[in-house]
1. Being under 18 Å from A:Trp424 (Cα atoms) and at pLDDT 85 or above is the filter; apply it to segment B:117-140 and report the residue that is nearest to the other protein chains (Cβ to nearest Cβ).
2. Working only within segment B:358-397, note down all residues that are of a type in the set (S, T, N, Q), closer than 19 Å to B:Val194 by Cβ and touching a residue at least 60 places away in the same chain (Cβ under 8 Å).
3. Testing B:Gln50 on (1) at pLDDT 90 or above; (2) under 14 Å from B:Ala312 (Cα atoms), one condition comes back false. Which one is that?
4. Tell me which residues, restricted to segment B:305-335, are surrounded by fewer than 21 Cβ atoms within 10 Å (Cβ to Cβ) and either of a type in the set (A, V, I, L, M) or in contact with a helix residue (DSSP H, G or I) (Cβ under 6 Å, 6 or more places away or on another chain) (or both).
5. Give segment B:316-333 a look and list any residue that's assigned to a loop (DSSP other than H, G, I, E, B) and either touching a His at 6+ places or on another chain (Cβ under 8 Å) or among the aliphatic types (A, V, I, L, M) (or both), or say none.
6. Inside segment B:342-361, can you point out the residues that are buried (at least 16 other Cβ atoms within 10 Å of the Cβ) and either assigned to a loop (DSSP other than H, G, I, E, B) or of a type in the set (D, E, K, R) (or both)?
7. Test A:Phe137 against the stated conditions and say whether it is in contact (Cβ under 8 Å) with a residue 60 or more places away in the chain, surrounded by fewer than 20 Cβ atoms within 10 Å (Cβ to Cβ) and among the aromatic types (Phe, Trp, Tyr).
8. Are any of the residues in segment B:529-536 among the small types (Gly, Ala, Ser), surrounded by fewer than 21 Cβ atoms within 10 Å (Cβ to Cβ), more than 9 Å from every other protein chain (Cβ to nearest Cβ) and under 42 Å from the mean Cα position of the chain (by Cα)?
Number of protein chains: 2
Amino acid sequence: MAALSGLLPGWLRGYRRQWLAGDLTAGVVVTLLLIPQSLAYALLAGLPAQAGLYASIVPLLVYACVGRGYAQSVGPMALTSLLTAATLSRFAEAGSSDYLALALWLAILSGLILLIMGMARLGFIADLLSEPVLAAFTTATALLIVLSQLGPLSGLHLPGNALPHYLLALWEQAAAWQASSLWLGLAVLGLLLVSRRWGAAALQRLGIAAPVASVLLRAIPVLAMLAGTLLPPAWQVPVVGPIPSGFPSPVLPLIPLSQLADLAMPAFFIALINYVQGLSVAQLLAARRQESVDPDRELLALGLCNIAAGLAGGFPVTGGLSRSVVNADAGANSPLASLVTAAAMLLLIFLATAPLALLPLPILAATIIASLLSMLNLASLRRAWLAERADAVAWLLTFCLVLLLGVDSGIMAGVLVSLATLLWRSSRPHIAVLGRVPGTHHFRNCLRHAVESLPGVLMLRVDESLYFGNARQVRQVLLSRVRQEGGVRQVVLVMSAVNRVDTTALSMLEGLDQALQQAGVELHLAEVKGPVADILLRAGLADCFAGRVHLSTQAAWEHLAGPVDYQI
Amino acid sequence: MAALSGLLPGWLRGYRRQWLAGDLTAGVVVTLLLIPQSLAYALLAGLPAQAGLYASIVPLLVYACVGRGYAQSVGPMALTSLLTAATLSRFAEAGSSDYLALALWLAILSGLILLIMGMARLGFIADLLSEPVLAAFTTATALLIVLSQLGPLSGLHLPGNALPHYLLALWEQAAAWQASSLWLGLAVLGLLLVSRRWGAAALQRLGIAAPVASVLLRAIPVLAMLAGTLLPPAWQVPVVGPIPSGFPSPVLPLIPLSQLADLAMPAFFIALINYVQGLSVAQLLAARRQESVDPDRELLALGLCNIAAGLAGGFPVTGGLSRSVVNADAGANSPLASLVTAAAMLLLIFLATAPLALLPLPILAATIIASLLSMLNLASLRRAWLAERADAVAWLLTFCLVLLLGVDSGIMAGVLVSLATLLWRSSRPHIAVLGRVPGTHHFRNCLRHAVESLPGVLMLRVDESLYFGNARQVRQVLLSRVRQEGGVRQVVLVMSAVNRVDTTALSMLEGLDQALQQAGVELHLAEVKGPVADILLRAGLADCFAGRVHLSTQAAWEHLAGPVDYQI
């Protein structure tokens, strides 16, 4: 019995009775959100609507077994769906059986990549993307999705995955839009936006209790869909079309190995985005309970979810921000809430696919657009601009690149832009000339403070770790400072801000020492940190600097001031 | 007259008579080195031998006009030649007219890229490559070149540009080697290596003055070549073949725009390598005279040299390390030495191309191999291993990737490996718990020092700038430390080692503060540096941390110890 309970997930063994009500409510509320989203995101990915249902159910079950988050809701996401469409449209016609097969494999591949990264403990890879770059990427992608949804909204066919494609297609097909589709879509969009903005207040004024009002509001998209299925056929609005009942048998179509190789790179980027997304959701939820998240565990769980989604006939999935927050807010206390959602979705797929077939596409497009407007994050640009200009430039660069190149090239560009800002920022470190604050043992920047200095001694502090990206620059600046000052006999390099040195920096220090020696100047080091001192020792530089490494700047000062100074 | 002299390069206006003898000697000595190298590197690049002559002469003239180095010798280089061959062999058959046209355009494109980078002041881009990665790249490339020269040395044809290609070709053609070629090549190689190792000592023992001996030794490759042209035709050794006399008329063949676009990326990497190479040569020479180098100026000069090399019918060029050092050692005082070399090469090309046609290829291969052995830099691996394990891993990774993928993909891999080590190293910063050294105002790591602490107060120092690469990690570690300690009411984050923060880190600090507040813990900041404080202010975090930012750790201590502590 004990052995059996060891096989159960931790949350189940520790389950408390008072959690049940919250879990049940949350499960139902999330289902209301998930039905339109799962169908819409499948269509966004260029897949038949049922793929969204398959991709919604199985990952929920898997995450409940292996995941650690109490309210994480794993399933199809707008960002990933567009990335899937952008990737697959390069290899096959949307809707073809090849396209379907590639979608499964994309999910399985990105799942395997996540799994491997988790086993190799590469959780830190989420940090390849800086926050402004991620915000710009999300905003640009949301904009692209809204544009792509103008197609189903207005009855047009908009191929491609970047701004130029959409604009060109809109221009060419400007005369072909269908009035009935467009008006229906805009009406539902208006209803969704109005209810989101003023719905809660209005229901409250009607005297409806807040929890009930919240469930009602969440049901509005589903109610709009239900109403849509009752539209008279005379309107001739395009609909989702027949959805098979039940689950497909899990058959994995074989694809050529060369195609699998082509999918590897896109699968990596989808895995990266899904992981960053899923991890930030997990951290947000964990922070509410003062818990911490194990990124490597999260990698493993997301990896298994994606493999399962692929095997079940779905496409790449991750932890959805809005659904997970709704889940937590509606009272989810454990993954049981997700199991409830999965059960409800299973009921739907086995019993109620017939009405789904009549669902008008413009209504689905409207629900996607409404859910995406919150992803447009222009505030992040303002924030980056205030904090650090380079981050704002990175934001704009990523935003433009994603719009112009599409999401798939855009994410690669984002990683490169993140790394470039890092390199750029640390490549030109702040270097201060120090002096001693009179009467103290403190040494400060001589430009900001009234300080005293020793004749012939130049004290310099480099405010950055020394590494290949700035070694050359630091050497040049130090040498030219010595030359400018004139009459310098000793240079003290204050290393208090140098947290690390690498091989390139060691060579630089050696070369700098030689260059200064040739110019008749002695180089001293002060306040070398423990780890840096260890490296100097290992690389043999400690010998070469013997007698010229000082524990503190004050010690260097006393050494250089010489015995005369001591007698004062 | 004054206006006219303003047009002259600076070195010519300030020319001193006593420089003349050194410049003349150096010019002649470098010519002896340049003749075999220019021919051999052209063949290495897959081009006719005369392309090497053109690429040698024109850049020397251009650099003398616009460059700043006094002894920089710009021309064909082994590394660049192999990169050229690796790039062009993907688009055309070596030796075809298409191949020739692409070589010109590759030089012009990489010249334009250097020029644009110079005008945009992007000199810092040389720092994309860390020293271990560059050393590994150079070593692997030298090894590949030695392997590729086994072809001409043994009369085989070895196509491709990576280790697997060479091994396969050697295996397939193992039976086809020509004994006469191989023995001749090995004999010359032996002669070159022996003369380099023991030549100077032997000549000195014969009573020959050191300067004369040095010139004699430099002349050995040329003498070997001369002797080679006199070999009896019965030996049937492959030769260079007829070289046209004089200069080709500067006609630029047109190539399709799509091919030009294909060349852009390789041209960028060749420009990068040429710039890194040229800049390090310039800095080495400048350091001997305690001068400094303007990287952007060097970019402009190298850019113009490459454009000129392309227009003259050559291929990409840069400052050669060995030739420049020989130039300086032989007494070069100004670019006049390069002009002398250019004039001597011009004489050669107009008057003496006939004997060059009879030059045996195995002898040229032997001179290349001999000149490359000094590029095999295994000491750099040992050095990296001693200093920093991650650098040694980067070395090995780059080395293997270059051997396996070839030089062209290898250089890109090198850049990525450099950046990855940077990210990896700063992603897991050292975080120390601090305490006060009794009787002082110093705060040190409580694991290394006997320190005192305040009850309920946790003081932490993060030894790294906070940025997107470590923000998540730092947040996790800080939160779990607080949890582990137990009973913590106040946390002091000592920011003395934080040189920069970015937008991602600001969000992290805000989120950390909220998470700690929810847990009933107060977050304080101490020793925030000027530039970091400015950013906190701009981003509005200073308000949110009002009253909780302390000038020094001691100030934070006194604040938290409260009035009771003051009365003691």
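1. Keep residues of segment B:117-140 that are under 18 Å from A:Trp424 (Cα atoms), which gives B:117-131.
Retained after the next criterion (residues that are at pLDDT 85 or above): B:117-119.
Numbers: B:Met117: 14, B:Gly118: 16, B:Met119: 18 Å.
So the residue we want is B:Met117.
2. The answer is B:Thr367, B:Ser371.
3. (1)
4. Start the filter on segment B:305-335 by keeping residues that are surrounded by fewer than 21 Cβ atoms within 10 Å (Cβ to Cβ), which leaves B:311, B:321-322, B:325, B:329, B:331, B:333.
If the condition is that a residue be surrounded by fewer than 21 Cβ atoms within 10 Å (Cβ to Cβ) and either of a type in the set (A, V, I, L, M) or in contact with a helix residue (DSSP H, G or I) (Cβ under 6 Å, 6 or more places away or on another chain) (or both), then B:Leu311, B:Leu321, B:Val325, B:Gly331, B:Asn333 are the ones that fit.
5. Here is the first cut: in segment B:316-333, the residues assigned to a loop (DSSP other than H, G, I, E, B) are B:316-317, B:320, B:330-333.
B:Val317, B:Ala330, B:Ala332 - these are the residues of segment B:316-333 that are assigned to a loop (DSSP other than H, G, I, E, B) and either touching a His at 6+ places or on another chain (Cβ under 8 Å) or among the aliphatic types (A, V, I, L, M) (or both).
6. B:Leu358, B:Leu359, listed by residue number.
7. On the way: in contact (Cβ under 8 Å) with a residue 60 or more places away in the chain: yes; surrounded by fewer than 20 Cβ atoms within 10 Å (Cβ to Cβ): no; among the aromatic types (Phe, Trp, Tyr): yes.
When the stated conditions are applied, A:Phe137 does not pass them.
8. Going residue by residue through segment B:529-536, those that are among the small types (Gly, Ala, Ser) are B:530, B:533.
Of the ones still in play, those that are also surrounded by fewer than 21 Cβ atoms within 10 Å (Cβ to Cβ) are B:530, B:533.
With the extra rule that they be more than 9 Å from every other protein chain (Cβ to nearest Cβ), the set shrinks to B:533.
Adding the requirement that they be under 42 Å from the mean Cα position of the chain (by Cα) leaves B:533.
Yes - at least one qualifying residue is present in segment B:529-536.
The values are calculated or read from the model by the stated rules, or taken from the named source; none is laboratory data. Because the structure is predicted, anything quoted here is derived from the model rather than measured. Backbone-built Cβ (ideal geometry, glycine too); neighbour counts: all protein chains shown.
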